[in-house]
Amino acid sequence: MDEEYDVIVLGTGLTECILSGIMSVNGKKVLHMDRNPYYGGESSSITPLEELYKRFGISDSPPESMGRGRDWNVDLIPKFLMANGQLVKMLLYTEVTRYLDFKVVEGSFVYKGGKIYKVPSTETEALASNLMGMFEKRRFRKFLVFVANFDENDPKTLEGVDPKLTTMGEVYKKFDLGQDVIDFTGHALALYRTDDYLEQPCLETINRIKLYSESLARYGKSPYLYPLYGLGELPQGFARLSAIYGGTYMLNKPVDEIVIEDGHVVGVKSEGEIARCKQLICDPSYIPDRVQKVGQVIRVICVLSHPIKNTNDANSCQIIIPQNQVNRKSDIYVCMISYAHNVAAQGKYIAIASTTVETSDPEAEIEPALELLEPIDQKFVAISDMYDPTDDGTDSQVFASRSYDATTHFETTCNDIKDIYKRMTGSDFDFENMKRKQNDVFGEDEQ
């Protein structure tokens, strides 16, 4: 271990594994360590089921009705991939897709007045939806056509809207959209967690709705994908990429100290040895003195023996409960997957409800989601602190990732990856930098 590396990475969460993959592809010498004996850190999938019970301090063993423990791979952090989003692009460019299989999530639903409805995202669905009255449907259809044609560089498509000045609230007003439609457009299509976006320039929101529509257009059922065997497969896929390009991996490796000299990181001390480096990437748990708490997320993992009611018996879906519907500032999300994704025993479903904590009683906050899931065979409650780095790392060359937020997709995680990349290299992130070099196959073709 007493060697010099360009980059040392601590923690094998998805953010860290993608960055070590990119750095390795770009010719950097990378050492990747994790104090845990498994990959994935916070974003791992726990198997067997007995391990999950142990992790949450439940002394009983799983009942026999849960099937074989090793048939379970339970995500600690629930997220889906947007089919046309940045993470899929990263998987395709690095060819990490060759290690993974994906399934399309069967549907996206939105909560209104105690019931759940399918999210209309095409003109045809909008016109058939029970979420809106007839006149509202026409106005919403006009709005969707406007968004689809919107091109900030072509004044003819703007219809008097200034992408950088007109707020999204003003755009809704222009199309005379009612509160319920605004709720599901902002929260179920543009996937905002709060209503702050209404006061901001509309371009970001219009691009988010376009991403949703384009992702939906790829596969038809919903804009979301999910990997077989759970999200823990993602960090492992990028770790393989890094290893192919010469990255060194050490699991179960305690980190005793991050060695700083004259304000710069120079290495990491573990079990009496020091590995030297020029730059360090890590998750917040490795540098508590360089991060600040910015909130909490509650996640409740629920094991069910039935699909969720009113979802057409979907074996996977997402439900968004817009904050307005339950008098909150931020949305509540439910991600549901099942035995069809090789993450649960035959006939079993895993639904994970999550939201940003706003009060001193987080379990009461998440209750509206749990009511949709009854009856629940077993639930596991986790309340996690969220951390952001206190500085940008340019002086110390220590780059901390952000904690995973309550959103149900990886777009914010990808933004963090691009942001860290830019701070580390001084140049904008470019997907082209992730492409495997033509001849770098390292014997993989024979597999």
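Things to note:
- Considering residues of segment 368-390 that are over 21 Å from the mean Cα position of the chain (by Cα) and more than 25 Å from Trp72 (Cα to Cα) only, the residue most open to solvent (accessible area, probe 1.4 Å): Thr390
- Count of segment 391-424 residues, restricted to those that are open to solvent by 30 Å² or more (accessible area, probe 1.4 Å), more than 28 Å from Glu365 (Cα to Cα) and either among the charged types (D, E, K, R) or touching a strand residue (DSSP E or B) at 6+ places or on another chain (Cβ under 8 Å) (or both), is 8.
- Residue within segment 19-33 that is surrounded by fewer than 22 Cβ atoms within 10 Å (Cβ to Cβ), of a type outside the set (Lys, Arg) and either within 14 Å of the chain's Cα centre (by Cα) or closer than 24 Å to Tyr349 by Cβ (or both) present: no
- Those residues of segment 176-195 which are within 24 Å of Tyr224 (Cβ to Cβ) and of a type in the set (D, E, K, R), in sequence order: Asp180, Asp183, Arg193, Asp195
- Helices (runs of 4 or more DSSP H) wholly inside segment 151-230 that include at least 2 residues being touching a residue at least 60 places away in the same chain (Cβ under 8 Å): 179-184, 203-219
- Leading residue by the ranking (most open to solvent (accessible area, probe 1.4 Å)) among those in segment 123-149 that are at pLDDT 80 or above, over 13 Å from Phe175 (Cβ atoms) and within 30 Å of the chain's Cα centre (by Cα): Asn130
- Residue that is more than 21 Å from the chain's Cα centre (by Cα) and among the basic types (Lys, Arg), where the choices are Lys54, Lys79, Lys103: Lys54
- Complete set of residues in segment 206-224 that are open to solvent by less than 40 Å² (accessible area, probe 1.4 Å), under 22 Å from Phe102 (Cβ atoms) and either at pLDDT 95 or above or aromatic (Phe, Trp, Tyr) (or both): Tyr212, Tyr224
- The set of residues in segment 231-252 that are assigned to a loop (DSSP other than H, G, I, E, B) and buried (at least 19 other Cβ atoms within 10 Å of the Cβ) comprises Leu231, Gly232, Tyr245, Gly247.
- Among the residues of segment 305-346, the ones that are under 19 Å from Glu233 (Cβ atoms), open to solvent by less than 10 Å² (accessible area, probe 1.4 Å) and touching a Gly at 6+ places or on another chain (Cβ under 7 Å) come to 2 in all.
- Hits in segment 272-297 - residues which are in contact with an Asp or Glu (Cβ under 7 Å, 6 or more places away or on another chain) and assigned to a loop (DSSP other than H, G, I, E, B): Asp283
- Where a residue in segment 233-259 is free of Cβ contacts under 8 Å to residues at least 24 places away in the same chain and its partner, wherever it lies, is of a type in the set (A, V, I, L, M, F, W, C), with Cβ under 8 Å and at least six apart: Glu257/Val268; Val259/Val265; Val259/Val266; Val259/Val268; Val259/Ile274
- Strands (runs of 3 or more DSSP E) lying entirely in segment 298-403 (those with 1 or more residues that are under 28 Å from Thr47 (Cβ atoms) and in contact with a Ser or Thr (Cβ under 6 Å, 6 or more places away or on another chain)): 317-321, 332-338, 349-356, 378-389
The values are calculated or read from the model by the stated rules, or taken from the named source; none is laboratory data. Owing to the predicted nature of the structure, the values given are computational and were not obtained by experimental measurement. With ideal geometry, Cβ positions are generated from the backbone for all residues, glycine too; neighbour counts draw on all protein chains shown. Only protein heavy atoms, including side chains, enter the accessible area calculation; ligands, DNA and RNA are left aside. Shrake-Rupley method; radii C 1.70, N 1.55, O 1.52, S 1.80 Å.
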